[in-house]
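Trainee: This is the structure I have questions about; it appears just below.
The values are calculated or read from the model by the stated rules, or taken from the named source; none is laboratory data. Bear in mind that the values here come from a model prediction, so they are computed numbers and not experimental data. Positions of Cβ are generated from backbone atoms using ideal geometry, with glycine treated the same way; all protein chains shown enter the neighbour counts.
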Amino acid sequence: MSHHSNLNLVADDRTLKTPYYQPQGNEIALFEHAFRHQLPVLIKGPTGCGKSRFISFMAQRLNLALHTVACHDDLTAPDLVGRHLIGQQQTQWQDGPLTRAVREGGICYLDEVVEARKDTTVVIHPLTDDRRILPIDRTGETLRAPDNFMLVVSYNPGYQNLLKGLKPSTRQRFISITFDYLPADAEAQVVMQESGIDAGKAQQLVSLANALRNLKDQDIEEGASTRLLVYTATLIESGFDPVQACQAGMIEPLSDDTDTLTGLMELVHAVFD
Amino acid sequence: MEERVGQYWHRFITQAAQTSFPQARLELPAVKGALGVYFRAMGGDAGLTISSCSATLHNARRSWLHRLAGTGQKVELAWRDERCLYLPHSLDVLPSKTLNRDLYYWLAALASSGNHLSDDWLHTSQQTTLKTLVAFPGLAARYEQLVAAMLPLRPSLKSLSEAEKHQELTIRQALSKPGSVAAGTFFQAPRPPAPVYLWLHPSPPLAVVDLGVNEGATAGLGEVKKIAQADERRRRGERVEMPDDKPGAPFGVRHETSLFSFAEYVKLDRSAEEDEDLSDAEKIADELDQMALAQSQTSTASRIKFDLDLPSAAADDLVLSEGIRYPEWDYSKQQLQANYCQLLPMISREAKACELPEHLRKPCTALKRQFQQLAAFPRWHKGQLEGDRLDIEAYVDYWASLQQGQQPAEARLFSQKRPAARDLTTLLLADLSLSTDAWVNDEQQVIDVIRDSLFVFAESLKAAGDQFAMHGFSSCKRNHVRMHCIKNFSENYNAHIRGRIAAIKPGFYTRMGAAIRHATALLERQPEEKKLLLIVTDGKPNDLDRYEGRYGIEDTRMAIVEAKKMGLVPYCITIDSRANQYLPYLFGHQGYSWISSARQLPKKLPQLYLSLTQRLGP
């Protein structure tokens, strides 16, 4: 398995149309300010609430390239910075996505940064203070980040305590924004926009999702995310029966326990006629 | 002969009078799990448990058949209070099982909007119905079906007097069109209307205040406890004085012409009755409207082991320090009461160094081997992308495939020595309360099982080289929470610690909140990054003063929330069969394990530890 495949590289989004994004508060202005003053940003929020969508929206808006790295437990510092590859006749240096972003400029987005090991995460420290340098020991280079380089990281705080966490020395290097699920009207708007469904059904789906979020931590681990809502709405819009679409799109992904599933299906029947 | 005829008559008339549908009967335990999820998702208070209620008198007019048969006086309706949602134990009022099931869900939906008790029951019920139907429009169709099925079962208008007819029509209108009957419509009829199953109870019985019935008093009646009641209904009760022993006293006072009915309390001292046949007692309990309970000051049991008084200081274990004060959470005031509990760290006085008990040697050897693999000594990891040494075998394979013209994807040619260090520390908190005195089987008590588990756990963790500590706790009211230190973090596990484990004995009660807060404070001082708090318990948190029921659970939950905020991972292992009623609320549904048979605890504890720490990662 090539180590390239572990990293999602979205090289150039400039030619795509601007993605739809519904603001929650002052995050667009905050991000723009951070970019202009070269400050790194940390985004935290539950799964499927719009973090990655926000980043791609801002990349389009600020006309920047977006380099995404999906962090995981096997991610090592060379995966980020780069390594020497043993080729046929000689060894050559291959840049990692972080180095490429620093060389070319643009946003380097580390998604789910707590999943990576702690010794990997400290690689980004020199880029987050006012020096904005990336020292590469292997090649002996010290790269300076251009003005249009920005470092953004994100994670889901709900899982932090159980599995991994960010060290305080890392956390304190970022401007932090908390994302959460949108208020009911705004979320209905997003669902309508993404799936093409009508307003009435969107409202029903959003009220169902909010009822499910009441059960967080006690009966299910996390409530239904906006992403699941959009999937369900897409199913309904393409002609699927609403109750069955909710079962497949919102209830079954949340739990495996029979009693919980029965109770939640009754809830679906209570919301949809 | 007369008796036989009487039995036939009773059976015949009861069957003729019954208006329920026994073939469509649905019991609460079958739907309880799903109902709980439904109730909470609709916005119901997450701290409530679902419990069956007892039947209450309704005093409405009964049909002549019912009056002849002597049945139909009681009805089971739904209501809620601050601790519980009470639902009928079984429903058979509607003709089909689906309808009865829908009725259960409808009642849960009604109750989820809050606790509305007011003088105007008619108006409140309509408003609650409307609110529920507006919030969940999908229920409208179900509600109509239920009303359509319910209306024909109500008393027919022909059999009612004028005033009662008006009353019945009002109820029917309020049911079919909720909100149409104005507020302030009061009934003029002499009797209340026939019970409405679709609404909550008009005047629910007030919760019986438990004046701290001593666990200890019933501990002596261990045999009795085994005959567990199949349905644990809440029954109305009242506290009365214990009857005096003077014989002949009751009858002398009563006037001869007054006949007293079954439900009146007669001061007969029945405590000496030797009749152990409890099935009769259960039937009587069902029939009584209200039971009078008195607390006997003397224990009838022969086991005098239980003693509420604390042992004298000379005979008790050694107290290690002045009491440490901890706060307690009062959920009714929603605030933390500072310095409320006093915790005393103690150490066993009579612990003598000893060896591992004979019956545990074999299982421990097997476990030791398993845990040694986790030990943190450094090992060489081959096939790495980079490292200190070249992995010759991998390099040869690589070179060979290059020669063949293949381009291998990755050059994993190095070996790296890495210490598989586990940055992990664990504190095992064992519940050493009086309930551990119960017998698990013929040879062992719960305390013996806990002792074995502690031995096995300590041996396994020592083999793995992990840091751990073990403490036991029990409490006797808020100023005396005993925390027995079995092993500290800094101590090495040796024969001396084994002696302390062997010396554990059952204590008093379970004030879990204070114990968890102390354990959190101890774990916080540890340098390791991942901290696991394992709690081994066999029942709900409860203590002699008001620390029990909802109060105890809310305080324990607050202590767990505080522990999680400090970055600890709390996990509960329980042998209580009713654990799933309160543990998901305390620990989250992935934060606990229920062990069905207490004897399995020593085997399962290390396995659980392994799976937990693997989940926590390296």
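Trainee: Give just the number: which of (1) more than 20 Å from the chain's Cα centre (by Cα); (2) within 14 Å of another protein chain (Cβ to nearest Cβ); (3) touching a residue at least 24 places away in the same chain (Cβ under 8 Å) does A:LEU254 not satisfy?
Mentor: (1)
Trainee: Moving on to the next point. Look at segment A:257-271 and say how many of its residues are at the interface with another protein chain (Cβ under 7 Å from one of its Cβ atoms) and in contact (Cβ under 8 Å) with a residue 60 or more places away in the chain.
Mentor: Residues in segment A:257-271 being at the interface with another protein chain (Cβ under 7 Å from one of its Cβ atoms) and in contact (Cβ under 8 Å) with a residue 60 or more places away in the chain: 1 in total.
Trainee: Please pick out the residue among B:ARG478, B:ARG511 that is closer than 24 Å to B:MET346 by Cβ, of a type outside the set (A, V, I, L, M), in contact with an Asp or Glu (Cβ under 7 Å, 6 or more places away or on another chain) and at pLDDT 90 or above. Don't jump to the end; show me each part of the working.
Mentor: Details: B:ARG478 fails: at pLDDT 90 or above.
The conditions single out B:ARG511.
Trainee: Here are some conditions: (1) under 33 Å from the mean Cα position of the chain (by Cα); (2) away from chain A (no Cβ under 14 Å); (3) assigned to a loop (DSSP other than H, G, I, E, B); (4) closer than 26 Å to A:HIS269 by Cβ. B:GLN23 meets all but one. Which one does it not meet?
Mentor: Going through the list (1) under 33 Å from the mean Cα position of the chain (by Cα); (2) away from chain A (no Cβ under 14 Å); (3) assigned to a loop (DSSP other than H, G, I, E, B); (4) closer than 26 Å to A:HIS269 by Cβ, B:GLN23 breaks only (3).
Trainee: Does at least one position in segment B:30-52 carry a residue that is modelled with pLDDT of 80 or more and within 29 Å of B:GLN167 (Cα to Cα)? Can you show your working first?
Mentor: Filtering segment B:30-52 down to residues modelled with pLDDT of 80 or more leaves B:30-52.
Restricting the remaining residues to those that are within 29 Å of B:GLN167 (Cα to Cα) gives none.
No, segment B:30-52 contains no residue that is modelled with pLDDT of 80 or more and within 29 Å of B:GLN167 (Cα to Cα).
Trainee: Let me ask something else. Please name all residue pairs, on different chains or six or more residues apart, with Cβ atoms under 8 Å, provided the first residue is in segment B:599-612 and is closer than 23 Å to B:ARG422 by Cα and the second residue is in a helix (DSSP H, G or I) and hydroxyl-bearing (Ser, Thr, Tyr).
Mentor: Once the first residue is closer than 23 Å to B:ARG422 by Cα and sits in segment B:599-612, its partners that are in a helix (DSSP H, G or I) and hydroxyl-bearing (Ser, Thr, Tyr) give B:LEU605/B:SER453; B:PRO606/B:SER460; B:TYR609/B:SER460.
Trainee: Next up: Restricting attention to segment B:413-462, which residues are hydroxyl-bearing (Ser, Thr, Tyr) and either in the same structural domain as B:ARG525 (by TED's automatic domain parsing) or in contact (Cβ under 8 Å) with a residue 60 or more places away in the chain (or both)? Steps first, please.
Mentor: Just the residues of segment B:413-462 that are hydroxyl-bearing (Ser, Thr, Tyr), to begin with: B:415, B:425-426, B:433, B:435-436, B:453, B:460.
Correct list: B:THR425, B:THR426, B:SER433, B:SER435, B:THR436, B:SER453, B:SER460.
Trainee: I need the full set of residues from segment B:490-505 which are surrounded by fewer than 21 Cβ atoms within 10 Å (Cβ to Cβ) and closer than 18 Å to B:ASP437 by Cα, in order please.
Mentor: B:ALA502, B:ALA503, B:LYS505
Trainee: Okay, moving on. Tell me yes or no: at least one residue of segment A:115-131 is of a type in the set (Asp, Glu), within 20 Å of the chain's Cα centre (by Cα), away from chain B (no Cβ under 14 Å) and closer than 26 Å to B:LEU612 by Cα.
Mentor: Applying the first criterion (of a type in the set (Asp, Glu)) to segment A:115-131 yields A:115, A:119, A:129-130.
Going one step further and asking which of them are within 20 Å of the chain's Cα centre (by Cα), we end up with A:115.
With away from chain B (no Cβ under 14 Å) added as a condition, the list becomes none.
No: zero hits.
Trainee: Condition test on B:GLU144, is it in contact (Cβ under 8 Å) with a residue 24 or more places away in the chain and in the same structural domain as B:ALA55 (by TED's automatic domain parsing)?
Mentor: Spelling it out, it is not the case that B:GLU144 is in contact (Cβ under 8 Å) with a residue 24 or more places away in the chain and in the same structural domain as B:ALA55 (by TED's automatic domain parsing).
Trainee: Okay, moving on. State whether the residues of segment B:49-58 include one that is among the β-branched types (Val, Ile, Thr), away from chain A (no Cβ under 14 Å) and over 39 Å from the mean Cα position of the chain (by Cα).
Mentor: There is no residue in segment B:49-58 that is among the β-branched types (Val, Ile, Thr), away from chain A (no Cβ under 14 Å) and over 39 Å from the mean Cα position of the chain (by Cα).
Trainee: Which fully enclosed helices (runs of 4 or more DSSP H) of segment B:63-180 have 2 or more residues being in contact with a Phe, Trp or Tyr (Cβ under 8 Å, 6 or more places away or on another chain)? Break it down stepwise before answering.
Mentor: Working: elements: B:64-69, B:97-111, B:121-135, B:139-150, B:162-176.
Output list reads B:97-111, B:121-135, B:139-150, B:162-176.
Per-residue answers, yes or no, for (1) part of a loop (DSSP other than H, G, I, E, B); (2) in contact with a Pro (Cβ under 8 Å, 6 or more places away or on another chain):
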position: A:VAL69; (1), (2): no, yes
position: A:ASP74; (1), (2): yes, no
position: A:ASP79; (1), (2): no, no
position: A:ARG83; (1), (2): no, no
position: A:GLN89; (1), (2): yes, no
position: A:TRP93; (1), (2): no, no
position: A:ARG100; (1), (2): no, no
position: A:ILE107; (1), (2): no, no
position: A:LEU110; (1), (2): no, no
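Here's the yes/no breakdown for (1) touching a Pro at 6+ places or on another chain (Cβ under 6 Å); (2) away from every other protein chain (no Cβ under 14 Å); (3) crowded, with 20+ Cβ neighbours inside 10 Å:
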{"residue": "B:LYS368", "(1), (2), (3)": "no, yes, no"}
{"residue": "B:HIS381", "(1), (2), (3)": "no, no, no"}
{"residue": "B:TRP399", "(1), (2), (3)": "no, no, no"}
{"residue": "B:LEU402", "(1), (2), (3)": "no, no, no"}
{"residue": "B:GLN407", "(1), (2), (3)": "no, no, no"}
{"residue": "B:GLN416", "(1), (2), (3)": "no, no, no"}
{"residue": "B:ASP423", "(1), (2), (3)": "no, no, no"}
{"residue": "B:VAL449", "(1), (2), (3)": "no, yes, yes"}
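Trainee: Find the residue count for segment A:204-223, including only residues that are more than 10 Å from chain B (Cβ to nearest Cβ), free of Cβ contacts under 8 Å to residues at least 24 places away in the same chain and not hydrophobic (A, V, I, L, M, F, W, C).
Mentor: Step one: filter segment A:204-223 for residues more than 10 Å from chain B (Cβ to nearest Cβ), giving A:205-206, A:209, A:222.
Adding the requirement that they be free of Cβ contacts under 8 Å to residues at least 24 places away in the same chain leaves A:206.
Now restrict to residues that are not hydrophobic (A, V, I, L, M, F, W, C): none.
Result for segment A:204-223: 0.
Trainee: Would you check if A:GLY200 is outside any loop (DSSP other than H, G, I, E, B), within 23 Å of B:ALA34 (Cβ to Cβ) and among the small types (Gly, Ala, Ser)?
Mentor: no
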